[in-house]
Structure formats: C-alpha cells, structure tokens
1. What is the distance, in nm, between label points placed 7 Å from the Cα along the Cα-to-Cβ direction at residue 60 and at residue 217?
2. Work out how much length residue 97 to residue 71 would gain on full extension: take 0.36 nm times their residue separation and subtract the Cα-Cα distance, in nm to one decimal.
3. Among the listed pairs 135/184; 85/135; 85/215; 85/211; 135/211, give every one whose C-alpha distance is greater than 27 Å.
4. Residues with beta-carbon under 12 Å from that of residue 109, excluding residue 109: net charge, scoring Lys, Arg +1 and Asp, Glu -1?
5. Using only the Cα atoms of the range 44-123, build the gyration tensor, take square roots of its eigenvalues as a ≥ b ≥ c, and label the shape rounded, prolate or oblate: rounded if a/c is under 1.5, else prolate if a/b is larger than b/c, else oblate.
6. At 0.36 nm per residue, minus the direct Cα-Cα distance, what do residue 227 and residue 130 gain on full extension? Give it in nm, one decimal, please.
7. Can you give the accessible area of residue 50 in Å² (nearest 10), computed on protein heavy atoms with a 1.4 Å probe?
8. Would you tell me the accessible area of residue 225, worked out with a 1.4 angstrom probe on the heavy atoms of the protein chains, in Å² to the nearest 10?
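The values are calculated or read from the model by the stated rules, or taken from the named source; none is laboratory data. Everything numeric here is computed off the predicted structure, so don't read it as measured data. Neighbour counts are summed over all protein chains in view; Cβ atoms, including those assigned to glycine, are modelled from backbone coordinates with ideal geometry. Accessible surface is based on the protein model in full, side chains and every heavy atom, while ligands, DNA and RNA are left aside. Shrake-Rupley method; radii C 1.70, N 1.55, O 1.52, S 1.80 Å.
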Amino acid sequence: MLLAQITDTAHKLVDTAKNLPQVTAQDDLRFGDLLIKGGWIMLPIGLLAVLGLVIFFERYFTIRKAAKDESNLMSQVRTSILTGKLESAIAICRNSNSPLGRMLQKGLLRIGRPIKDIEGAIENIGKLEVSKLEKNINILGIIAGIAPMFGFLGTIYGVIKIFYDISKTDNISMGVISGGLYVKMVTSAAGLMVGIVAYVCYHILNMMVDKVILKLETDAIEFIDLLEEPSK
C-alpha cells in the first residue's frame with residue numbers, strides 16, 4: 001500500500017513538472033550588439049580607434065625599417081674613404097635609401113670643407129629624418145586624450161536619457177533605465193579602452209624613435225671621427 005502511494009505521488013510530480021511553463025535560455029549578449037547599445041557616440045570613438053591603429057602600424061613599420069642594422073653600410077663607407085674612393089662611398093650611401101645613408105651622403109658631399117660645416121650638414125639632415133619618423137605620432141597622443149572625453153560625453157548622455165525615460169513613462173524600473181545605463185557604461189568603457197591603447201602605442205613609437213636617434217647620433221660621430229683620422 002505504501003509503495004503504491006509513493007508511486008502515485010511520483011507520477012503526480014512528473015505530470016506537474018511537464019505542465020510547468022518552459023523557460024527558454026536567452027541568447028548571450030554579443031559584443032557587436034553591446035557596442036550598438038552605446039548609441040551614436042560609439043561612432044566617433046570607433047573612428048578614433050581605427051585612425052589610431054592605422055597610424056600606429058604605419059609608423060611602426062616605417063620606424064622599424066629605419067632602425068635596421070647599418071653596420072655593413074658604415075663598414076663599406078669606411079673602406080671606400082680610406083682607399084680614396086669618395087664617389088663609391090657616395091653611391092653606397094645613395095643606394096642604401098636609409099636615414100643614415102642620406103646623412104652620410106650629405107657629409108661626403110661636404111668633404112673638403114671645415115669639419116664644423118660637415119657636422120652642421122649632417123645634423124640638419126638628421127633633424128629632417130627624425131621629423132619624418134615622428135610624423136603623425138602626436139595624433140596618437142591627441143587620440144589618447146580625446147577618446148576618454150567622448151566616453152565621458154556618453155556618460156552624460158546616458159544619464160540624461162535615463163531621466164528623460166523616467167519622466168516620459170513616470171516609472172522607475174530597470175527596464176526603463178536600462179537603455180541609458182547601457183549608453184553610460186558602454187561609451188565610458190570604450191572611450192577609456194581606446195584612450196589607453198592609444199597612450200601605450202604613442203609611447204611605444206616614441207621609444208622606438210629615441211633608439212633610432214641614438215643610433216644615428218652614434219654613427220654620425222663615428223663618421224666624423226673617420227674623416228678626422230687622416231689629419232691625426
């Protein structure tokens with residue numbers, strides 16, 4: 001009798017469970033959908049992100065090319081100068097198509113003049129080459145400062161949207177304020193992320209340029225010493 005009651009109760013529980021409304025799992029929020037919830041302010045933040053990445057990679061490969069090892073160039077120029085083959089040294093520098101090559105070429109074309117004139121010519125070309133390497137790097141610094149400001153603007157807009165929705169519906173519920181909260185949080189996070197990445201990229205490129213400048217100055221000093229060797 002007891003077994004029959006237990007069995008009957010179990011069947012009733014199963015039937016009750018079958019009659020319960022089925023709860024379907026909601027789809028996870030996708031990253032793209034999350035960005036869209038940030039509203040129109042995500043557009044300028046996205047443009048800043050794309051611009052920053054384009055500038056970073058373009059400058060990165062340009063600076064990396066300029067920072068390649070030029071010890072072979074210096075060796076060839078040294079050999080040509082010591083053997084009196086000035087035209088050969090100039091041709092080697094011209095064919096190298098590098099910042100150091102252009103600096104040495106300008107110095108070689110000034111041979112016969114005082115050392116100070118040669119140093120001045122090399123220094124002027126060096127400044128020009130460095131300015132070429134630093135081209136557009138400052139834009140990354142501007143992006144690093146502007147992107148968080150757009151995020152803050154999104155925060156203000158999100159708060160305004162929350163109060164507007166509340167005043168329109170006269171209802172303080174999560175469903176009403178969720179739209180403004182999405183705008184507030186998504187734009188703030190996106191602006192900070194773009195700003196941080198741009199800030200890091202800006203300093204990476206500056207460190208790379210500093211290394212190139214140090215290498216060019218070292219090679220320029222070696223070149224001047226080479227020109228002074230015969231007079232020692």
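1. If labels sit at residue 60 and residue 217, their model points lie 2.7 nm apart.
2. Numbers: separation 26, 0.36 × 26 = 9.36 nm, distance 1.45 nm.
Using 0.36 nm per residue and subtracting the Cα-Cα distance, I get 7.9 nm.
3. Working: 135/184 35 Å; 85/135 36 Å; 85/215 25 Å; 85/211 31 Å; 135/211 16 Å.
From the list (135/184; 85/135; 85/215; 85/211; 135/211), the Cα-Cα distance tops 27 Å for 135/184; 85/135; 85/211.
4. Working: positive: 94, 102, 106, 110, 113; negative: 87, 117.
So the surrounding residues net to +3.
5. Values: a/c = 4.51, a/b = 2.49, b/c = 1.81.
It comes out prolate by the Cα gyration axes.
6. Numbers: separation 97, 0.36 × 97 = 34.92 nm, distance 2.36 nm.
The residue 227-residue 130 span can extend by a further 32.6 nm.
7. Here the accessible area works out near 90 Å².
8. Probe radius 1.4 Å; accessible area of residue 225 about 70 Å².
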